Amino acid sequence: MTEKFDVIICGAGPAGTTCALALGNTGLKVALVDKSNFPRDKVCGDAIAAYVPKVLNTINPAYAKALADFTAKEKVSTIRVVSPNKKMLDISYGEDGFISTRLAFDNFLLDLVKQLPNVKLFLNATVKDVVINDKGVYADLDSDLKLEAKLIIGCDGEQGLVRKKLTQTQLDPKHHAAAVRAYFKNVKDIPKATFELHFLKDVIPGYFWIFPLPDNQANVGLGLLSKIVSERKLNLRNEMLRIIETVPYLKERFEGAEMISDIKGYGLPLGSRKVPISGNCFMLCGDAASLIDPLTGEGIGQAIISGRYACWQAKKCFEQNNFSASFMKQYDKTVYDKLWKEHRRSYFIRELLINKPRLFNLSVNLIKNHTFLYNLTKKVFK
Ligand SMILES: Cc1cc2nc3c(=O)[nH]c(=O)nc-3n(C[C@H](O)[C@H](O)[C@H](O)COP(=O)(O)OP(=O)(O)OC[C@H]3O[C@@H](n4cnc5c(N)ncnc54)[C@H](O)[C@@H]3O)c2cc1C
């Protein structure tokens, strides 16, 4: 059986739901497909950038208002960077970002999509194959259903099928990170409204994090470049436990704390290289397009930004009835014009710091004492 749409969005994470929200009320018939049933977990640090409500506001002010009213989140306005010699640098960025479990946040976005009459949801439905020919785009689901459309938007994350089927891009350990996270209860001395990034001597420029959540819970994790993980043959789960159990100033804080989830790991495709993110009848967004900040590991904001840009491009495609690869290149340009400069800066800082704990210590000292450097650092972590 074949069902016809204008646009198929594969994946209902932040990229896919934002794209669907932006395509709401456009008159286009949209299929949003996800292999999971929601609410669903996604391994993540759960930190959501302060600019995310502004992006939602540009789509529909009611969505930003709904996010302001959404209670399953902990506001954060300061980043605490702890250097290898344990000097603390608090960077207050004057706006509220927040921490919210992906179980809650992604479901919040999906609930907004459910109100759109032009978007049909297919949950618990895996896209098994994608074929593009001169008649259109065809996506086979794991049921007997086939979806047909003019355009497919791949929002299906790091291991996304759409990228694999429609581009030559391979994941590359030099532009990829690995990270693990677990939820804890009752970690001691969590500073108010603060993300903590601990740059420890032997994991630099990766970091160990503690991000506060409601109800005295915290998202705790460790992330590192994949090429370093494989060169040093590290097991990140064991590394995370080693840090908690042996680094003296952290060990004290975890005494009496309870780990309330498994330690789970996942990959982060980093935006430190430019890859093609569109082609004939398709675009890629978020992790499928490798748009994660190479230093901080943030990708939710980029997923949301690219989801909105993909909608803009989709609207142009339908207005001009042009779905060609050359026309679609405008999407790549829009995304990279917005994100590339920042990602390059993060990449250079990261490369500079690899295996250089002393340089990191020195930098933290300098930043603490120089307003210009402090403001520059604020920009990097904003
Ligand atoms: C340990 C870790 C910590 C992180 N911490 C942060 C952080 O604190 N802040 C931050 O901003 N970013 C963080 N990130 C990055 C962030 O998780 C991603 O950038 C973000 O989830 C990207 O969103 P997305 O919508 O592109 O993809 P995803 O959130 O991965 O969503 C993809 C969706 O596609 C669905 N899907 C996949 N394949 C198919 C298929 N074949 N058919 C149908 N559906 C499919 C999946 O079920 C999923 O729902 C972290 C990542 C990791 C691994």
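The values are calculated or read from the model by the stated rules, or taken from the named source; none is laboratory data. Computed from a predicted structure; not experimentally measured. Note that we place each Cβ from the backbone using ideal geometry, even for glycine, and neighbour counts take in every protein chain shown. With ligands, DNA and RNA removed, areas are computed over all heavy atoms of the protein, side chains included. Shrake-Rupley method; radii C 1.70, N 1.55, O 1.52, S 1.80 Å.
Tabulated data for the structure shown
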read-out	value
Rounded to 5, the percent of DSSP beta bridges in the chain classed as antiparallel	65 percent
Accessible area per residue in Å² at 1.4 Å probe, computed on segment 167-243	42 Å²
Förster-model FRET efficiency, 41 Å R0, V131 and E231, C-beta, rounded to 0.05	0.60
From the C-alpha gyration tensor of segment 1-112, square roots of 5λ in Å	33, 16, 12
In degrees, nearest ten, helix 300-320 long axis to first principal axis of the chain (Cα)	20 degrees
For the chain: relative contact order, % (alpha-carbon pairs under 8 angstrom, 6 or more apart)	21 percent
Square roots of 5 times each gyration tensor eigenvalue, C-alpha, the chain, largest first, Å	37, 21, 20
Surface per residue (accessible, 1.4 Å probe) for segment 303-367, Å²	52 Å²
DSSP-defined antiparallel bridges as percent of all bridges, segment 31-166, nearest 5	85 percent
CD proxy at 222 nm, helix term only [per DSSP H run n ≥ 4: -39500 (n - 2.57); per residue of the chain; nearest 500]	-11500 deg cm²/dmol
Qualifying lysines (Cα of each under 23 Å from Cα of K315; at least 8 residues distant if same chain)	K4, K29, K54, K114, K120, K135, K150, K329, K333, K338
For L236, net neighbour charge (Lys/Arg +1, Asp/Glu -1) across residues whose Cβ lies under 15 Å away	+2
Protection proxy ranking of 210-220, 6-16 - average other beta-carbon atoms within 10 Å, highest first	6-16, 210-220
Residues D90 and Q159, FRET efficiency given R0 of 25 Å [Cβ-Cβ distance, rounded to 0.05]	0.10
Rounded to 5, the percent of DSSP beta bridges in segment 165-226 classed as antiparallel	100 percent
F348 paired with K29, simple spin-label distance in nm, labels 7 Å along Cα-to-beta-carbon	5.0 nm
Percent accessible area from carbon and sulfur atoms, the chain, protein chains only, probe 1.4 Å	52 percent
Neighbourhood net charge (10 Å Cβ-Cβ; Lys/Arg +1, Asp/Glu -1) for D41	+3
Potential lengthening between R242 and Q115 on full extension [0.36 nm per residue; Cα-Cα distance subtracted]	41.1 nm
Average accessible surface area per residue within segment 16-75, 1.4 Å rolling probe, Å²	40 Å²
Rough spin-label spacing in nm, given labels placed 7 Å along Cα→Cβ, for F70 and E258	2.8 nm
Rounded to 10°, Cα long-axis angle of helix 102-114 versus longest principal axis of the chain	30 degrees
